[in-house]
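Colleague: Pasting in a structure now, in structure tokens, and then I'll have a few things to ask.
We did not get these values from a lab; they are worked out from the coordinates using the rules stated. Everything numeric here is computed off the predicted structure, so don't read it as measured data. Backbone-built Cβ (ideal geometry, glycine too); neighbour counts: all protein chains shown.
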Number of protein chains: 2
Amino acid sequence: MITDDAYPVEPWQIRETRLDLELLAQSESLFALANGHIGLRGNLDEGEPYGLPGTYLAGLFEVRSLPYAEAGFGYPEAGQTVVNVTNGKILRLLVDDEPFDVRYGDLISHERVLDLRAGTVTRHAHWRSPAGKQVRITSTRLVSLAHRSVAAIEYVVEALDQFVRVTVQSELVTNEDVPETAEDPRVAAALREPLEAIHHEGGDHGALLVHRTRGSELMMAAAMDHDVHVPGRVEVSTDVREHLARTTVICGLRPGQRLRVVKYLGYGWSSLRSRPALRDQAAAAIAGARYSGWQGLLDAQRAYLDEFWDCADVEVEGDPDCQQAVRFGLFHVLQASARAERRAIAGKGLTGTGYDGHTFWDSEGFVLPVLTYTVPQAAADALRWRASTLDLARERAALLDLQGASFPWRTIRGEECSAYWPAGTAAWHINADIAMAFERYRTVTGDDSLEIECGLEVLVETARLWMSLGHHDRHGVWHLDGVTGPDEYTAVVRDNVFTNLMAAHNLRVAADACTRHPDSSYLLGVTTEETAAWRDAADATHIPYDEELGVHPQCEGFTTLAEWDFTANTVYPLLMNEPYVRLYPAQVLKQADLVLAMQWQSHAFSPEQKARNVDYYERRTTRDSSLSACTQAVMCADVGHLELAHDYTYEAALIDLRDLHHNTRDGLHMASLAGAWTALIAGFGGLRDDEGVLSLDPHLPDGISCLRFRLRWRDFRVTVEAGHDQVTYTVRDGPEHSLTIRHAGEELVIGTSAPTTVPVQPRRPLLPTPPQPPGRGPMRRRPARPVGPTPPG
Amino acid sequence: MITDDAYPVEPWQIRETRLDLELLAQSESLFALANGHIGLRGNLDEGEPYGLPGTYLAGLFEVRSLPYAEAGFGYPEAGQTVVNVTNGKILRLLVDDEPFDVRYGDLISHERVLDLRAGTVTRHAHWRSPAGKQVRITSTRLVSLAHRSVAAIEYVVEALDQFVRVTVQSELVTNEDVPETAEDPRVAAALREPLEAIHHEGGDHGALLVHRTRGSELMMAAAMDHDVHVPGRVEVSTDVREHLARTTVICGLRPGQRLRVVKYLGYGWSSLRSRPALRDQAAAAIAGARYSGWQGLLDAQRAYLDEFWDCADVEVEGDPDCQQAVRFGLFHVLQASARAERRAIAGKGLTGTGYDGHTFWDSEGFVLPVLTYTVPQAAADALRWRASTLDLARERAALLDLQGASFPWRTIRGEECSAYWPAGTAAWHINADIAMAFERYRTVTGDDSLEIECGLEVLVETARLWMSLGHHDRHGVWHLDGVTGPDEYTAVVRDNVFTNLMAAHNLRVAADACTRHPDSSYLLGVTTEETAAWRDAADATHIPYDEELGVHPQCEGFTTLAEWDFTANTVYPLLMNEPYVRLYPAQVLKQADLVLAMQWQSHAFSPEQKARNVDYYERRTTRDSSLSACTQAVMCADVGHLELAHDYTYEAALIDLRDLHHNTRDGLHMASLAGAWTALIAGFGGLRDDEGVLSLDPHLPDGISCLRFRLRWRDFRVTVEAGHDQVTYTVRDGPEHSLTIRHAGEELVIGTSAPTTVPVQPRRPLLPTPPQPPGRGPMRRRPARPVGPTPPG
């Protein structure tokens, strides 16, 4: 685990106080920079040591075969895996003849800072070479949020005590050696040298390489150029080969003198465009970056982030850990999505190769809610990407003998890449999750242009999928059989409550959308008979309920399955220590399932049901999935277990800063980082929108004195400032003078002219705080303490 | 499909009238010879052309990795695959300088005959070489049932019209080229050259090769020797290399003169014995074979088979197709098991590489019932093999956090090799199938020495498995959740009726066995509390029943699942054209499941329930599994649909003779061939034994005028001669003067002094004959016709 000694708790930055090579891979994920198009892991400038070198372009993947010892019809044969593309981050330094390497000589000090307002990672190193020469290196790296194809690095070397000859080798390196992680030798082979050289060119100060993936035949270009500033004589030259371009800068520095190199990087890729077009695209990115200049890039970055924080910031008074973590999470969610522009938002963003770089339901289910309220245009772009894969989803449905469209459980480009259908294809709920995301976007933004552009078709085709998946029994009750809900420790079941509620919601919003857009739906072949059938099925959907226990079974019969033996089998995560064949038929959960249904379809449950259901499932949920803590936080807050909710919020927010799941090295958990926002805003803020109304109902735990957050709703900017006794709503910028919301279940009109303050409605839990499975209580928060000083960023 | 033109319907032989190269691979399976230890596919003597060259030793396998695109805990990592071992069948012939090859010159006539009483395959070929020289070749092949390690071939060449110089090259060939069937390149690589040379030696007339599998490190020896008879001068010499031994015989033949070569083959393998020990073992086999001589081997073979047919023959008067097929099936079942002696009986016997050479529940469920009534010592040996894997089954159970022992779904040596757990590990019923086989052996033979030797321990450990798999719900009802029954189109369900009944049976017979053997069970740690818990669980086992429909759902909720759309999706087998994710939650069956429960646990169902259940499941069963037709035959006969039962019997019996599943090329379907016997004896004979009593209740369909069959019961030999109106029971050899059986539900005492004749009890179906899914009606029998003449064998 990472302790907060390594990263002090500070409100607007993540600061690494010393370089711990044991935590190098984790730090590369934490310090990753991205803009949704380009992703650079926080590798050291000099290239090594590394945990995992990583440079990624959203959507650029290699294909690989998916092996099956026993094959089955409809199993996907081709997988997609994110590729480590040409690395432009490398700036090697030689001090006299000795390479700067933190493992040699003396690293007198080393600090890295991720500045959440500047959008940069700055590194300060003070090094004494084995020969005793001291230099100070300061590098600042950014991936431009304003300029999609551009990244840049300012690299400054200062001689300290004696004259040194300094050599900087700034590189583009393709097909780096990468530690092999895949067990399947064919997978490793496919990714060993994924890029074949197409073209290379160079000048004195820069170079450009064009490559193509062997299997998927995607072409990419990477370019670099340099500004060099140094007193006195300097030599700059560039070598270019197929897989390596190297600009070498040599000069001498007297004590106090500095060499400053600004490296501009341009990246582009395409499955369609020609070699010359891509080459020119990367060159144009470089030209644009030079035109802006380093300071211009910094300024644009800060301006972009100022605007973001103005709409998105969350202030958590009294809890500095959560304060830092929720901003860290929001920053990385933004980095994963800001300029993705019709590429998938991966489960790990562009911070590592975990999950092969795939996107899951995490995107629509956990990340997009945050974006919809904070950066709605990024949410719209993510939804446009999903809609762009509709034809592939139609093909998949047809292959499975289904109507409509079946979106993939995991993918990069849109083809199903899940090789284990009980926790893949059978998790049909992803289709309803996508539909819900379209509907939320429409409800929250008030803009139905996206629905007209592409959302309606997605709603219609997913509704058709549900109709062909479900059936009415002889009593007229509509069932969904053989499905897997969010909880992956029980699969291929009858009538998963979450799935059924979400499917019914999908059917209803699809029918409503067709009513709104009769001409468009006519073109899609929708008749009034079809939409009537959707509504009928939604109304007849079976929602199992255990009358004896007074709880909802997460699926038919769940509450009569065997209890998991938590006295004997508690090595977590269970899926690494127990077979599915034992987990599936037991009352043990990997993650919130019915509890998530109560958040997303809140209106379908009474407060008493919520309280009893939370009590029931808390005792059986292992939280072996990183998607669970945020949902448990929200629903524990909902039923009045505010301290427990606070603990879960902490756990969701700190997942990567404390490496709680021991896999931060592979990349950050975007859904959990987004979930930290959700835990605070939907949990303590009480935000719900499943009835199309902005509903809020804040209640704070003892450890938070004030929660202040910003939301976009229609064209309003809403600020909510919640204390323990009262809440103040402020509205800006709206198209009208007032906005009607729901506060604690009652309608409230808030005006743009002045803030509206109302009392918090007291909430008492109906039941005592429930226990968790042994060893699965949430990570406890530390006692509150004063916020530390913020060093100059 | 194979038509009966290719193989005329004859009662005691399978005769191929002409060589059809399109059906070569199928004929190699049909003409395979084996004794349960050595298996030789019916490849042509001269080695090519071939469909699939095959020489197998029971239990000799190579390991290979099982790949998973998404791995899971408890998935087996190592697979086992049958190996094509050193081929001793090859006898190449050169006529002058031209190799005898059926694809060249003129094949004037070609006939092969499998003689079911002689236990030989004889081939007659009349060939004119491209140069116009005519020869007649007659070869006879046997794999000795009397001498486990011995096979032999008599090869005769006769010159017909002119003098010819004849060269015969008799070979042992290791690592033959085999057509690659596995899609996974690593699997193919593992099997490409599976054997590494250890030792080779030779004399003038013979040679011996010792090899070892690379991965599994099993050592094998193959030896050959020759007797050569020819008028005039002959030269015999032998070359031996690592992977090839070749004895060359050269002589001249005038018209009418014959060269006769008798080739003796000896095989042995071991995982333990040393190179010299194995070498000597194969040499001893050769010496023994030479001592017997060719005629001695022929005589011993016929004597063995005379004894077998005396105990096992089934006479089907009026239906020559079934007559031939049931004998063909019995013969191959015998070949698969006679001398297996504590090796697994594979699903395909030793006739091909289908299913990787694995054994499944087919063995205990379908093959052993036949053996128990006809060759009980072979059944005992098969059960001893299973018991010898008990430690591996215990390890598997422990890995899965279960008590007792969990036997593998598919294996060669005992380790689980199933790579798809929903239709593998979850099919826990194999454990109860094994227990039932032990119990049947005890009941039928009256011999409890096998139970004492090893059966008790298997019963106890399987009972313990069930106790840890099942649980009582809050109402005290015992459930088995997350299980897969025999029908593989519905999986991972609650309370599969078949599984629950079989588990309860397993628990009861285990408790009873412990009562019989208190000292032995004490040593196994069994207490009276434990056996009481077994009985309690058995009594509390939930058997779902749909009161509204009056049928048993094959698992909880099955009768309310969606109906399969047979109007749209009927490309069979469905598993090749529909995904599991669609099949599992629909009311469509691959094979008999609840219907099999009604055969094996007959006493648990009333006649009315049987009739309604058959009616319900007939409409929904696709028979995509070769295990289904025989069971449907039995239960259709049980409820009075005798003509439908006859059609199913025909289909089960003809599966390979007509290649009904289009995969006879990969080997014969032992369970279906055994099932032909079961369809006749349990179906039309009404044999049941699930209550420990020999129960019979014959009813014949119109197309069978008389059914005469033999059974062993205790130490009696029982002959049943059933007509349409009356049945005659004859008892021989028993330890007492009379035997009490059940006839048509009533006790009947039959004496050894004279046959007992009783009337057939009339049976009328309660319901009309049900239809099958579209396109899945059984293959119809042809109209009855006179039995064809039997040519001299």
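Colleague: When the C-alpha atoms of the range A:12-55 are aligned to their principal axes, what extent does each axis show, in angstrom, from largest down?
Modeller: Result for the range A:12-55: principal-axis Cα extents of 29, 27, 15 Å.
Colleague: Which translational diffusion coefficient, to the nearest whole µm²/s, is obtained for the range A:238-291 from the Stokes-Einstein equation, given a Kirkwood hydrodynamic radius over C-alpha pairs, 25 °C and 0.890 mPa s?
Modeller: Details: Rh = 13.9 Å.
Translational D for this selection: 176 µm²/s.
Colleague: Continuing with this model, one more query. Express the C-alpha Rg of the range B:44-164 as a ratio against the empirical globular expectation 2.2 N^0.38 Å, rounded to two decimals. List each step's numbers first, then the result.
Modeller: Details: Rg = 20.4 Å, N = 121, 2.2 N^0.38 = 13.6 Å.
Here the Cα radius of gyration is 1.50 times the empirical estimate.
Colleague: If the range B:13-309 were replaced by its equivalent ellipsoid, with semi-axes equal to the square roots of 5 times the Cα gyration tensor eigenvalues, what would those be, largest first, whole Å?
Modeller: Values: eigenvalues 220, 95, 75 Å².
Semi-axes from the Cα gyration tensor: 33, 22, 19 Å.
Colleague: By its C-alpha gyration tensor, with a ≥ b ≥ c as the square roots of the eigenvalues, how is the range B:249-350 shaped: rounded for a/c under 1.5, else prolate for a/b larger than b/c, else oblate? Before the final figure, lay out the partial values.
Modeller: Values: a/c = 2.44, a/b = 1.22, b/c = 2.01.
Oblate.
Colleague: Quick one: which of A:K89/A:K348; A:K89/A:K133; A:K263/A:K348 span more than 23 angstrom between C-alpha atoms?
Modeller: A:K89/A:K133; A:K263/A:K348
Colleague: Moving on to the next point. How much of the DSSP beta bridge set in the protein assembly as shown is antiparallel, as a percent to the nearest 5? Working shown, then result.
Modeller: Numbers: 263 of 275 bridges.
Roughly 95 percent of the beta bridges in the protein assembly as shown run antiparallel, per DSSP.
Colleague: Then there is this: Taking a ≥ b ≥ c as the square roots of the Cα gyration tensor eigenvalues, with a/c under 1.5 meaning rounded and otherwise prolate when a/b beats b/c, else oblate, which class fits the range A:527-577?
Modeller: Since a/c reaches 1.5 but b/c is at least a/b, the shape of the range A:527-577 is classed as oblate.
Colleague: Same structure, new question: Between B:F566 and A:Y291, how high is the FRET efficiency from 1/(1 + (r/R0)^6) when r is the Cβ-Cβ distance and R₀ = 51 Å? Nearest 0.05.
Modeller: Details: r = 68 Å, r/R0 = 1.33.
Computed FRET efficiency for B:F566 and A:Y291: 0.15.
Colleague: For a quick size check, give me the Cα extents of chain A along its three principal axes, largest first, whole Å.
Modeller: In descending order, the Cα extents are 87, 60, 57 Å.
Colleague: Under 24 Å Cα-Cα from A:K610, which lysines qualify once same-chain neighbours fewer than 8 residues away are excluded?
Modeller: Answer for A:K610, where 24 Å is the Cα cut-off: A:K590, listed by chain and number.
Colleague: Can you compute the FRET efficiency between B:E235 and B:R273 using 1/(1 + (r/R0)^6), with r the Cβ-Cβ distance and R0 = 51 Å? Round to the nearest 0.05.
Modeller: Values: r = 36 Å, r/R0 = 0.71.
Efficiency for this residue pair is about 0.90.
Colleague: With angles folded into 0 to 90 degrees, how steeply does helix B:528-540 sit against the dominant principal axis of chain B? Use alpha carbons for both and round to 10.
Modeller: The angle comes out at about 80 degrees.
Colleague: How many angstrom lie between the C-alpha centres of the range A:484-557 and the range B:541-569?
Modeller: Using only Cα atoms to place each centre, the spacing works out to 23 Å.
Colleague: Would you mind listing the distances between the B:R136 label point and the same position in each other copy? Use 7 Å along Cα-to-C-beta, nm, one decimal, shortest first.
Modeller: Label point to label point, same position, other copies: 10.8 nm.
Colleague: Okay, moving on. Normalised by the number of residues in chain A, what is the relative contact order in percent for Cα pairs under 8 Å and 6+ residues apart? Walk me through the intermediate numbers first.
Modeller: Working: 1861 pairs, mean separation 97.6, N = 793.
That works out to 12 percent.
Colleague: Note down the relative contact order for the range A:430-508 as a percent, whole number, built from C-alpha pairs under 8 angstrom at least six residues apart.
Modeller: Details: 73 pairs, mean separation 23.7, N = 79.
RCO, the range A:430-508: 30 percent.
Colleague: Nearest beta-carbon of A to the rotation axis carrying it onto B: which residue, how many whole Å?
Modeller: Nearest to the symmetry axis by Cβ: A:P67, 2.
Colleague: Right, another one. Alpha carbon centre of the range B:650-672 versus the range B:366-405: separation in Å?
Modeller: So the two Cα centres are separated by 26 Å.
Colleague: Along Cα→Cβ, 7 Å out, is where each label goes; now give me the distance between the ones at A:A71 and A:I543 in nm to one decimal.
Modeller: 4.4 nm
Colleague: Shifting gears a bit: Taking the Cα centroid of the range B:678-754 and of the range A:96-156, what is the distance between the two, rounded to the nearest whole Å?
Modeller: The two parts, judged by their Cα centres, are 92 Å apart.
Colleague: What gaps in nm, shortest first, separate A:T515 from its twins in the other copies when you place the label 7 Å past Cα toward the beta carbon?
Modeller: Listed shortest first, these distances are 6.8 nm.
Colleague: Distances from B:G476 to the same residue in each other copy, label points 7 Å out along Cα→Cβ, in nm, shortest first?
Modeller: 3.8
Colleague: Which whole-number percent is the relative contact order of the range A:210-321 (Cα, under 8 Å, 6+ apart)?
Modeller: Values: 126 pairs, mean separation 30.0, N = 112.
Averaging sequence separation for qualifying contacts and normalising by length gives 27 percent for the range A:210-321.
Colleague: Here's something else I'd like to know. State, to one decimal in nm, how far the label point of A:R780 lies from the label point of A:E453, with both points 7 Å from Cα in the Cβ direction.
Modeller: Roughly 5.0 nm, to one decimal.
Colleague: Let me ask another. B:I198 to A:Y104: FRET efficiency via 1/(1 + (r/R0)^6), r the Cβ-Cβ distance, R0 51 Å, to the nearest 0.05?
Modeller: Details: r = 53 Å, r/R0 = 1.04.
Between B:I198 and A:Y104 the formula returns 0.45.
Colleague: Here is a further query. Treat the protein assembly as shown as a sphere of radius equal to its Kirkwood radius over Cα pairs and apply Stokes-Einstein at 25 °C in a medium of 0.890 mPa s; give the translational diffusion coefficient in µm²/s, rounded to a whole number.
Modeller: Details: Rh = 37.0 Å.
My calculation gives 66 µm²/s for D.
Colleague: Sticking with this structure for a sec: Remind me, what semi-axes does the range B:313-747 give for its equivalent ellipsoid, largest first in whole Å, using sqrt of 5 times each Cα gyration tensor eigenvalue?
Modeller: Working: eigenvalues 172, 147, 98 Å².
They are 29, 27, 22 Å, listed from largest to smallest.
Colleague: Fully extended, how many nm does the chain gain between B:E180 and B:S520 (0.36 nm per residue separation, minus their Cα-Cα distance)? Could the numbers behind the result be given before it?
Modeller: On the way: separation 340, 0.36 × 340 = 122.40 nm, distance 4.97 nm.
117.4 nm is the gain from fully extending B:E180 to B:S520.
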